Amino acid sequence: MAKAHFIYDTSNKNADLYYATKFMAGDPFIFFQFKGKKYMVMNDLEVDRAKKEAKVDHVLSLTHFRKIAEKRSSYPSKYDLMHEIFQDLGVKHLIMPQESSFLLVDEMRQRGYLVEAGPAPFFQERYQKTKEERKYIEQSQKVVFSTIRMVRDVLQKSRIKGNRLVYKGKALSSEAVRSMIDVYLMEKGFIAQETIVSCGKDSVDPHSVGHGLLKPHSSIIVDIFPKSGKTQYYGDATRTFCRGKAPDGLKRMYATVKKGQEMGLGMVKAGISGKKIHDAITTFFTNQGFPTREQKGRMVGFFHGTGHSIGLEVHEEPARINKSDYRLRAGNVFSVEPGLYYPAIGGVRIEDLVYITKGGCEILSGYPKKLEII
């Protein structure tokens, strides 16, 4: 039975669709891969642009199939048009992304198609990055570290006044620094969302973006993961700072996380289980006096994964360095980002991106790992 890999979605939201077509559009369009050829079916508004920009074998006119469908029905639906297209090519079996709408699946099945769910990601070659993709991610990562440098400079120039940091005459807040980051990245052609600038109690929740005034002598986690408007590839890095003198407990915890990350980076290579890396770091933390457990109704210690795959999405599933048994492959790009979180001390996380090789890994760009800003 003739099979087609079929996506109906917007490419500015669906990474698989953009990966397949290299065409950015805010409205949904029909894409399918059939007998080794890639097809897009576009309306009159986009058909000419698609012919110039899209990396596919055929760009078909939706209007052509609408005229055919109108011979059967005065007001054909988009599902009727899909049916005309697939009938014309002899497609009987559709492989669709797991997140496809129930309505779309139901409509195609009602028209006699065998529909099955494809893998995630839909194009499995996304696991292993090409040389071009590696370059794009590294370019994004360089911009991330440039931004982190800018944030460190702001913290360095801020003055300590009591329990506040003051920058250019105003108390410095998470929101203010996040705005600086947004503007800085926009000027470089990058889009940032949910950037983390968290201090004190906020830093104990790994995904808290941070709120309110930044405090001296306390941990400040800066986690930036923007997307390039040009290439659509993400960067992602985290550094933890302390403006002023860090308490002894925070210093010790920072040194432990830094050593744990170094351990993880030393273990990363093609063929190793991500679980083995994650368990080794967790055990090291426990042996250093930083166990992971529930304490006073909340989790403390190291209670998130060590790393995630990244590319056209900031978290690409299902490749992870965590409790799952995913075996790393040459060409994977992963974050390595252990962290420790205790309300009495604060939070610490250090993150870099690595490109996996047969014998180890290559760190994509970089920035110093130093806690105190005196």
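Please treat every number below as a calculation from the coordinates, not as lab data. Just so we're clear, the structure is a prediction, and the values are computed from it rather than from any experiment. Here the Cβ positions follow ideal geometry from the backbone for every residue, glycine too, while neighbour counts run over all protein chains shown.
May I ask for the net charge around S335, where only other residues with Cβ less than 12 Å from the Cβ of S335 are counted and Lys, Arg are +1 while Asp, Glu are -1?
Here the charged neighbours net out to -4.
Its DSSP H runs of at least 4 residues, each contributing -39,500 (n - 2.57), put the calculated 222 nm mean residue ellipticity of the chain at -10000 deg cm²/dmol, to the nearest 500. Counting Lys and Arg as +1 and Asp and Glu as -1 over every other residue whose Cβ lies under 14 Å from the Cβ of A50, the net charge comes to 0. Its relative contact order, with pairs defined as Cα atoms under 8 Å and 6+ residues apart, puts the chain at 14 percent.
What whole-number value in cubic angstrom gives the convex hull volume per residue for the C-alpha atoms of the chain?
164 Å³
Can you give the local net charge around K35? Use residues other than it whose beta-carbon is closer than 12 angstrom to its beta-carbon, Lys and Arg +1, Asp and Glu -1. Residues near K35 contribute +2 overall. Summarising the overall dimensions of the range 3-125 from its C-alpha atoms, the Rg and Dmax are 13.6, 42 angstrom.
Note on T147, T63, T256, T292: ascending count of other Cβ atoms within 10 Å places them as T63, T292, T256, T147, the fewest first. Subtracting the Cα-Cα distance of T10 and E125 from 0.36 nm times their residue separation leaves 39.4 nm of extension gain.
Using only side-chain charges placed at the Cβ, +1 for Lys and Arg and -1 for Asp and Glu, the dipole size of the range 1-157 relative to its Cα centre rounds to 560 debye. Springs between Cα atoms under 10 Å define the GNM used for the chain, and in it the highest mean-square fluctuation of Q110, Q193, Q261 occurs at Q110.
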